[in-house]
Amino acid sequence: MVYVDMLIDYGWKLGPSCHLLADTEEELHAFAQKIGMKRAWFQDGETHSMPHYDLVANRRKMAVKLGAIEISRKELIEKLRAYKEIKNKV
């Protein structure tokens, strides 16, 4: 499954953004490619909180149209915690 959280204005020059994440990196990259994301924009789980792509409003809209599940900030935090738990066990 692929997910997007809510748009937030982080002061980024391109406007409000959100995160595109997925249950697996394979799903994440395949979906990101469908919405025109470059692999170079991928943010891995080593240097960032968890593997994801940052999306601006138009790409978020496209992602939802193609089946990404909208999640709340609370759900995003739950996914982050679960990812960290799994990563710490490895």
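Some notes on this structure:
- Selection from I71, G45, A57 lying farthest towards where the dipole of the chain points positive, charges on Cβ: A57
- For the pair region 54-90 and region 1-35, the centres of their Cα atoms are 7 angstrom apart.
- Compared with the dominant Cα axis of the chain, that is its longest principal axis, helix 73-89 is turned about 40°.
- Cα gyration tensor shape for region 1-75, rounded if a/c is under 1.5, else prolate or oblate: rounded
- The chain: most fluctuating residue of K74, K38, K13 per GNM, C-alpha cutoff 10 Å: K13
- Estimated distance in nm for a label pair at I69 and E46, the labels positioned 7 Å out from Cα along Cα-to-Cβ: 2.9
- Rounded tilt (10° steps) of 25-34 against the dominant C-alpha axis of the chain: 10
- Modelled label reach - A82, point 7 Å along Cα→Cβ, region 32-56 residues with backbone N closer than 16 Å: 50-52
- Dipole magnitude for the chain: about 240 debye, using +1 per Lys or Arg Cβ and -1 per Asp or Glu Cβ, origin at the Cα centre.
- A simple count of charges around V64, restricted to other residues whose Cβ falls under 12 Å of its Cβ and scoring Lys, Arg +1 and Asp, Glu -1, yields +2.
We did not get these values from a lab; they are worked out from the coordinates using the rules stated. Bear in mind the structure is a predicted one, so any value in this text is a computation, not a measurement. In this analysis, Cβ positions are derived from the backbone assuming ideal geometry, glycine residues included, and neighbour counts consider all displayed protein chains.
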